[in-house]
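Q: The structure's right below; bear with me while I get my questions together.
The values are calculated or read from the model by the stated rules, or taken from the named source; none is laboratory data. This structure is a prediction, so every number in the text was calculated from the model and none was measured. Cβ sites come from the backbone with ideal geometry, for glycine too, and all protein chains shown count toward neighbours. Side chains included, ligands, DNA and RNA excluded: accessible areas come from the protein's heavy atoms. Shrake-Rupley method; radii C 1.70, N 1.55, O 1.52, S 1.80 Å.
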Amino acid sequence: MSFTGKYNVTIQTPMGAQTGVLDLKQDGDDLTGSMVAGSGESAEIKNGKADGETASWDVDISQPMPMTLSFNANKAGDNLGGSVTLGAFGQSTFEAVPA
């Protein structure tokens, strides 16, 4: 199973649903890539790890305020879903479908 691919991602936040494009590249258990937010802000993925049907990674954003988004994903078919920690704003959920 591979997480490699481009996904349209929707993150549920206290400010409503936020969208973006996630571009993941898996090499063994290493996960790299980038995420472009709906605002156009692009950020590199860091601390990316894949393990079977699960993966985790962090993305540093500056809009609407500086914070680190920490993703924990499960793969179901071609789609991703799971939890995301929104910096100091606690946990929420996200979904991603192939772009």
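Q: Residues of the chain: accessible area per residue at 1.4 Å, in Å²? Please list the in-between numbers first.
A: Numbers: 5300 Å² over 99 residues.
Per residue, the chain has 54 Å² of solvent-accessible surface.
Q: What's the magnitude of the charge dipole for the chain around its Cα centre, counting Lys and Arg as +1 and Asp and Glu as -1 at the beta-carbon? Answer in Debye, nearest 20.
A: Numbers: 5 positive and 12 negative charges, 36 e Å.
Around 180 debye, computed over the chain.
Q: Just the number, please: carbon plus sulfur as a percent of the accessible area of the chain, 1.4 Å probe, no ligands or DNA/RNA counted.
A: Values: 2640 of 5300 Å².
The C+S portion of the solvent-accessible surface of the chain is 50 percent.
Q: Can I ask one more? For THR85 and VAL97 in one chain, what is 0.36 nm times their gap in residues minus the Cα-Cα distance, to one decimal in nm? List each step's numbers first, then the result.
A: Numbers: separation 12, 0.36 × 12 = 4.32 nm, distance 1.96 nm.
Using 0.36 nm per residue and subtracting the Cα-Cα distance, I get 2.4 nm.
Q: Sequence-distant or interchain residues sharing an amide H contact under 5 Å with THR4, placed H: which?
A: GLN26
Q: Determine how large the accessible area of MET1 is when every protein chain is in place; take a 1.4 Å probe and give Å² rounded to the nearest 10.
A: Roll a 1.4 Å probe over it and MET1 shows about 130 Å².
Q: Given contacts defined as C-alpha pairs under 8 Å and at least six residues apart, what's the relative contact order of the chain, whole-number percent? Write down the numbers at each step before the final one.
A: Working: 238 pairs, mean separation 23.2, N = 99.
That works out to 23 percent.
Q: Looking at THR13, ALA73, VAL59, which one has the Cα that reaches farthest to the positive end of the dipole of the chain (charges on Cβ: Lys, Arg +1; Asp, Glu -1)?
A: Among THR13, ALA73, VAL59, the one farthest towards the positive end of the dipole of the chain is THR13.
Q: Please give the net charge around SER34, taking every other residue with its beta carbon less than 13 angstrom from that of SER34, where Lys and Arg add +1 and Asp and Glu add -1. Write out the running numbers ahead of the final one.
A: Numbers: positive: LYS6, LYS25, LYS46; negative: ASP23, GLU41, GLU44, ASP58, ASP60.
Its environment carries a net charge of -2.
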